[in-house]
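Presented below is the structure to which this report refers.
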Amino acid sequence: MNEEEKSLQNLLAYKPHLETISKKGIALIVFLLLVILFGVVCLYTQVTEGHVVTGMRDNVVWGLYIVNFIFFIGISYAGALISGILHLLRVPWRTPIIRMAEMITVISTMIGPSYILLCIGRLDRLPNLLLFGRIQSPIIWDVIAITTYLSGSIIFLYLAMIRDMALLRDNPVKTAKWRNPVYRFLAVRYKDTTKQKELLNVSTDLLSIVIIPLAILVHSVLAWIFGMTLRPGWHSTIFAPYFVVAAVYSGTGVLIMVMWIFRKVYHLEAQITKIHFNYLGIIMIVLGALYGYFTFSEYLTSWYGSIKWDMEVLFRLFSPNQYFLEFVFAVFIGVLGPIIIVTVPRFRNINTIAFAAVIAVIALWVKRYLIIIPTLESPLLPIHDLRPEYVHYSATWVEWGLTFAGIAMFILLFYLFSKFVPIIPVVRSGEEKDYSRLRKVVFEKQMKKVINENKKSGTIVTGIMILLILASSHYAMAQDDAKIQTVLKLEYFHADSVQKLSATLRAKVEGRYRPLANMEINFNFSQNSKETSMGNALTNEKGNVTILIPDDIISTGGDKGIYSFDASFSGKDNYDKATANTTMKPLRLEMSFFQKDQEKMVSLKAFENGKDNEWVPVENLEVQLYVPRTFSLLKVGQASITNGIASLAFPTSIPGNQMGYLTIVAKVEENSLYGNVEASGTINWGKPLPPLKIIKRGLGDTNAPLWMVYTLIVLLSLVWFHYMYVIFTVFRIRHLGKS
């Protein structure tokens, strides 16, 4: 049987699906129209009453509409990539599924952008986007990219249908006679001559080469809209490849679902076989593994960096009261579920692969929801209106109605398209292999079980684990009765006329000292064997607590000029009690600046309280000199005070502010007699910073930079040049058909 006879036989087998619609099909159309009609009611309600009927508020300005937009655009890219790559590689099993992938691309790209319009409150200003849009805006990039991508996808789908249109032209359908003139027009007089076939193949290959990078670029542009926004959870360099992989992953799942449905409805078991589900299942789990890797990398870097606002988003995702269940489903079940189903031979069949695809698609929709909502619920500025509907997003019936209307429109267009054009190509190009023979050899070399359970080993491991548990439990019970050792440290600080005590409480847990928070520390002042309470306070999360020394205690003069303080922890729960004490003698540290010849000098004076409460010079005291930097103090010198005076040269190469001013700090650190004493001053001895130059960013300027304009013009020109060439080739095919 030659190729022409095979194509005719395929058409005769599929032709009844084009000519008739079953009662179930009519019921499906009616149901989908009712869902779409309900969506129209929701749209009318939103237009007449405003966005107040939605769950979007001041902080969560995006909701289900943007989630649906990203989802539909994402699955459209998978169709383009799969159909383009399979066509270029001449994969033998591609023919029955390639048109479904192309249809997913076109229909999803038409439905997805419509959700953007639902987010716009002033649709009358929509033309301004085209009239006054800035080229350097990612929003304009998205409009241009999606428009270009949709145009290329329609042309690509049409090129793949020309052969079938010609066959339908030569074999008219018996019902709906209006179709035959349409088939005749779309067939462009194609007669499968050598020259026509050559032109059609070259055009299809050329468009496949263009559509693949274009699909990647378009979804990257969509990711950049988020990545270029300085918000926690969005501002990430990994978003573009992350979005692309997630889009292809979910799109592959949608393709598997569409294959399963049409295989059942149109009885295409002979054309769409297990081999197609197995291969696409393998593609899906590879993409799922990549998606899981990107997800892990994204959350690991955010968590490890511990930036405040990133952590706010992560806390929402990890909180059981907020998005933890959705997070587990989208990140773990949506990745591990399909991988386990497809890789384990016992679980793998057509139905389970389709079920795995359903899990992947729903998980990726939920993931898009988690990208949008928790981030917007974590504003960078405080929210003044704390009503629940303003703080937390909850979709309304209007949003859900329009969401289901979009899904219904997708299904309806797909079904009606399958009634106009064969859902699988009926004309073969002669590149396919015999499926019956291919099925016998493929998957005979499938993955075999690598790990077999060894009951004996399992028993031994179980016994060892039981012994370890018993031993550890006995040890733990023995430890329950023992008190946990605590250590209390007390220090005195004197800085800028402020005197205070600082206590740090730690406990030895599992061999390491850890800070204890919310523990009460009592402070006392001792004089002449009498103790005076200074009060108590609770430790912070670092186990530290600070208390000011009252002036009336300083005025007592202490015990011969020596002041004694102690701190105590009376114990709590299993933590043992602890005490600490410190003594100090008042020290007055003064710092001044002068210039000697060409040198800049720092002068230090130190006095202690002597007899009759007089201040006398200090002998042999080490003082450290520091300059505050961004994260710590930079040591710039050290001086030894003799007879109460010391001086040292200050380095002139230390950067200051734009005027050259910097702060100099002199510190006596952990001295056994004086404690911690500090004095500071500010002077313009620093190296002035260069004047701040305001460099205009390309994305923030009113006028786009020339490199961006030229790049955009060149790229668009190349893409549309290929489109024009393909359209011109179609006219050449039509012209050749005259002869």
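Laboratory data are not the source of any read-out in this text; all were calculated from the coordinates shown. This structure is a prediction, so every number in the text was calculated from the model and none was measured. Please note: Cβ atoms are built from the backbone with ideal geometry, for glycine as well, and neighbour counts cover all protein chains shown.
Here are the numbers:
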quantity	calculated
Helix axis angle, 274-305 relative to the chain longest principal axis, alpha carbon, degrees	20
0 to 90° range, to nearest 10: angle between helix 397-420 axis and the chain longest Cα axis	30
The chain: relative contact order in percent, alpha carbon pairs under 8 Å with at least 6 residues between	15
log10 of Debye I(q)/I(0), alpha-carbon scatterers only, for the stretch 486-584 at 0.16 Å⁻¹	-0.66
Kirkwood Rh, Cα atoms: Rg over Rh of the stretch 247-294	1.06
Ranking of Val91, Val313, Val498 by count of other Cβ atoms within 10 Å, fewest first	Val498, Val91, Val313
Using a Förster distance of 22 Å, the FRET efficiency for Asp576-Asn518 (Cβ separation, nearest 0.05)	0.85
20 Å reach of a label modelled at Ser640, 7 Å along Cα-to-Cβ, counting backbone N of the stretch 649-676	649-650, 666-675
Cβ-defined net charge surrounding Gly334, 14 Å radius [Lys, Arg +1; Asp, Glu -1]	+1
Filter on Lys500/Lys600; Lys15/Lys274; Lys274/Lys419; Lys23/Lys274; Lys489/Lys605; Lys483/Lys577 - keep pairs with C-alpha separation over 21 Å	Lys500/Lys600; Lys15/Lys274; Lys274/Lys419; Lys23/Lys274; Lys489/Lys605
Under 18 Å from the Ala495 label point (7 Å along Cα→beta-carbon), backbone N, the stretch 646-665	662-665
Listed residues Val313, Leu416, Leu715: farthest to the positive end of the dipole of the chain (Cβ charges)	Leu416
Full-stretch length increase - Phe315, Ile261 - with 0.36 nm per residue and alpha-carbon distance subtracted	15.5 nm
When the stretch 253-389 is reduced to its Cα atoms, the Kirkwood hydrodynamic radius in Å	16.9
Full-extension gain in nm, Lys15 to Ser653, via 0.36 nm per residue minus C-alpha separation	221.0 nm
Selection from Pro690, Tyr190, Gly50, by position along the positive dipole direction of the chain (Cβ)	Tyr190
Dipole magnitude of the stretch 107-171, debye to nearest 20 (Cβ charges: Lys/Arg +1, Asp/Glu -1, about Cα centre)	180
Charge dipole of the chain about the Cα centre (unit charges at C-beta), most positive-ward option of Tyr563, Met100, Ile372	Met100
Exposure proxy order (Cβ contacts within 10 Å, fewest to most) of Ile116, Ile162	Ile116, Ile162
Residues Ile21, Ile411 arranged by fewest to most Cβ contacts within 10 Å	Ile21, Ile411
Cβ-placed point charges (K, R +1; D, E -1), dipole of the stretch 66-153 about Cα centre in debye, nearest 20	100
For the stretch 587-683, convex hull of alpha carbons as volume per residue, Å³	101
In the stretch 614-668, the trypsin sites (Lys or Arg not before Pro) that fall in loop regions by DSSP, at most 13 other Cβ within 10 Å	Arg629
Kirkwood hydrodynamic radius of the stretch 1-130, Cα pairs, Å	18.6
Estimated FRET transfer efficiency (Glu269, Thr48; beta-carbon r; R0 45 Å; 0.05)	0.35
Sites Phe185 and Ile209, calculated FRET efficiency, Cβ-Cβ separation with R0 30 Å, nearest 0.05	0.60
Binned Cα-Cα distance frequencies in the chain - 20 Å width, integer %	12, 32, 25, 19, 10, 2, 0
Label point distance in nm, Ser114-Ile727, each placed 7 Å from Cα along Cα→Cβ	2.5
Virtual spin-label span in nm between Thr663 and Leu129, 7 Å along Cα→Cβ	5.0
Extended-chain gain in nm, criterion 0.36 nm per residue less alpha-carbon gap, Trp615 and Leu673	19.3 nm
Gap separating the Cα centres of the stretch 137-198 and the stretch 50-94, nearest whole Å	23
Pairwise label distance in nanometres, Trp397 with Arg629, each label 7 Å out on the Cα-Cβ vector	6.4
Assigned charges on the beta-carbon of Lys, Arg, Asp, Glu; the stretch 587-683 dipole about Cα centre (debye)	360
Within the stretch 647-689: backbone nitrogen closer than 18 Å to the His235 label point (7 Å, Cα to C-beta)	none
